[in-house]
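The values are calculated or read from the model by the stated rules, or taken from the named source; none is laboratory data. Remember, it's a predicted structure, so these values are computed and weren't measured experimentally. Cβ coordinates were reconstructed from backbone atoms using ideal geometry, including for glycine residues, and neighbour counts include every protein chain displayed.
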């Protein structure tokens with residue numbers, strides 16, 4: 001029977017109406033489902049819990065920038081419920097089941113009580129992890145390995161952008177030029193993918209600069225990166241002041257995983273971070289880097305530059321538990337910084353006192369995993385950037401430092417920076433070399449080879465501590481010669497505080513695979529180092545209250561304000 005058009009229209013209308021009613025009932029069920037009161041607090045990170053307990057009444061109209069992890073990928077019902085609570089959506093993620101946005105502080109507990117919500121985290125301000133206050137005395141890091149140069153490997157640099165430089169261009173027969181930088185997306189508050197800060201360009205140069213601007217007849221010193229023929233992928237997440245947000249970093253990570261095959265992305269460098277405010281098991285940035293790692297991408301993170309109890313005093317006692325997120329995640333390769341004395345030998349190299357110490361806050365993961373040179377390194381400059389213009393007087397490089405020249409002024413081609421940001425760049429370059437050398441290698445074996453072959457004690461006057469030096473100093477030739485294979489996830493172990501005041505490390509032999517290869521003595525050196533009384537006495541490591549009650553960390557307006565535009569001068 002043929003149904004008249006008007007009847008078909010009415011049936012269609014009734015169907016749509018029933019669908020809307022069903023959706024509304026589902027939404028009301030989501031909103032009305034009971035949740036135990038004690039579970040609400042556990043769904044908030046420490047800064048948000050602090051707001052709920054002490055600031056909510058006075059700041060009820062303030063918008064909080066949050067990342068909401070959900071039960072399953074966010075769907076239409078969840079988004080509608082979020083909007084009903086006054087939420088404004090920023091990003092709906094696919095890499096991890098989560099969304100980011102802003103919500104009034106008065107509704108944060110209502111949101112936490114929703115059954116579709118797993119956990120709510122602050123959309124922290126992330127920032128570059130360099131320290132450019134040091135005077136520029138110069139330290140070159142040249143790659144002398146002729147066997148591999150990073151060819152065919154793409155390293156994604158999630159940073160402030162990558163500026164143009166001849167050091168990122170390959171020239172053939174003096175005529176044909178190929179730019180090794182691929183411009184990806186811009187998730188920062190800047191309107192351009194150009195590096196307006198100068199940090200990302202410097203890190204990229206340490207990873208894969210080929211030294212073109214410091215090569216030639218007039219040059220007697222060349223500044224090369226570790227993998228001078230690797231491809232660089234510019235994924236911008238930090239603005240002109242080197243500041244961004246966790247939500248932008250997750251967007252960058254998600255884009256890299258989605259485009260891994262297209263660009264052959266094998267390494268991600270994250271020379272940025274934020275103070276740890278919750279366990280890595282619920283930290284959305286940590287969950288995102290884990291997803292990238294499990295997708296087959298090596299993730300290298302800077303440890304941070306908060307290793308001094310008194311940041312301005314080089315001789316102050318060490319500050320334990322200062323590794324930043326996402327470097328606190330046990331999957332990733334977390335890198336601390338060393339400093340040299342302007343010699344070719346590492347036998348006189350020392351640890352940079354600002355380099356952050358483990359174990360990590362809250363979870364007590366043994367970090368960093370490895371250390372590398374990071375103090376006063378010369379690399380590619382972005383001459384129109386904030387850092388270059390502001391600190392050229394202390395961190396500039398004279399033309400005469402690398403070129404036979406009558407020009408006694410600072411060059412616009414190179415610049416000096418220090419910090420674990422720089423160290424991470426060197427390890428990312430090393431990872432690219434290992435991948436070129438063994439294309440089928442997975443991230444766990446890359447991490448395992450780098451850690452096992454690291455030099456445990458390089459300066460007899462520097463006592464070894466895994467909480468400061470990890471598995472030791474990066475040793476690229478030894479790592480390239482290693483044939484060890486990790487059969488499981490190369491997780492950094494957890495440190496346990498025993499009742500007798502000593503420390504024990506988690507047995508990692510079952511996690512990493514062959515115990516004969518990955519025994520503690522092979523990776524971290526002598527087991528006697530776990531009994532360091534200076535660490536368990538540090539309440540900042542073992543007591544959560546030492547973290548969220550720290551007004552210097554959580555009272556910062558950058559946590560609650562529009563963090564994408566907050567200007568932070570640096571470490």
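Observations
- Any hit, segment 320-336, residues being modelled with pLDDT under 90, surrounded by fewer than 24 Cβ atoms within 10 Å (Cβ to Cβ) and in the same structural domain as residue 436 (by TED's automatic domain parsing): no
- Condition met for residue 450 (in contact with a helix residue (DSSP H, G or I) (Cβ under 8 Å, 6 or more places away or on another chain) and either in contact (Cβ under 8 Å) with a residue 40 or more places away in the chain or under 19 Å from residue 350 (Cα atoms) (or both)): yes
- Residues of segment 454-485 that turn out to be touching a residue at least 24 places away in the same chain (Cβ under 8 Å), within 23 Å of the chain's Cα centre (by Cα), over 20 Å from residue 360 (Cβ atoms) and not in a helix (DSSP H, G or I), as a count: 2
- Only a single criterion out of (1) farther than 22 Å from residue 324 by Cβ; (2) modelled with pLDDT under 85; (3) surrounded by fewer than 22 Cβ atoms within 10 Å (Cβ to Cβ) is not satisfied by residue 512, namely (3).
- Test: residue 139 is in contact with a strand residue (DSSP E or B) (Cβ under 9 Å, 6 or more places away or on another chain), modelled with pLDDT under 90, in a loop (DSSP other than H, G, I, E, B) and not assigned by TED's automatic domain parsing to the domain that holds residue 223: yes
- In summary, strands (runs of 3 or more DSSP E) completely within segment 143-259 and bearing 3 or more residues that are surrounded by fewer than 24 Cβ atoms within 10 Å (Cβ to Cβ) occur at 169-172, 176-179, 181-186.
- Strands (runs of 3 or more DSSP E) wholly inside segment 375-428 that include at least 2 residues being in contact with a strand residue (DSSP E or B) (Cβ under 7 Å, 6 or more places away or on another chain), touching a residue at least 24 places away in the same chain (Cβ under 8 Å) and over 21 Å from residue 355 (Cα atoms): 396-398, 410-417
- Yes/no for residue 294 being without any contact (Cβ under 8 Å) to a residue 40 or more places away in the chain, closer than 26 Å to residue 45 by Cα and assigned by TED's automatic domain parsing to the domain that holds residue 162: yes
- Against the criterion of being over 27 Å from residue 417 (Cβ atoms), under 12 Å from the mean Cα position of the chain (by Cα), in the same structural domain as residue 444 (by TED's automatic domain parsing) and touching a residue at least 12 places away in the same chain (Cβ under 8 Å), residue 278 does not qualify.
- Of the listed requirements (1) in a loop (DSSP other than H, G, I, E, B); (2) under 17 Å from the mean Cα position of the chain (by Cα); (3) more than 27 Å from residue 43 (Cα to Cα), residue 267 misses just one: (1).
- Candidate set from segment 299-314 (those that are part of a loop (DSSP other than H, G, I, E, B) and in contact (Cβ under 8 Å) with a residue 24 or more places away in the chain); member that is surrounded by the fewest Cβ atoms within 10 Å (Cβ to Cβ): 314
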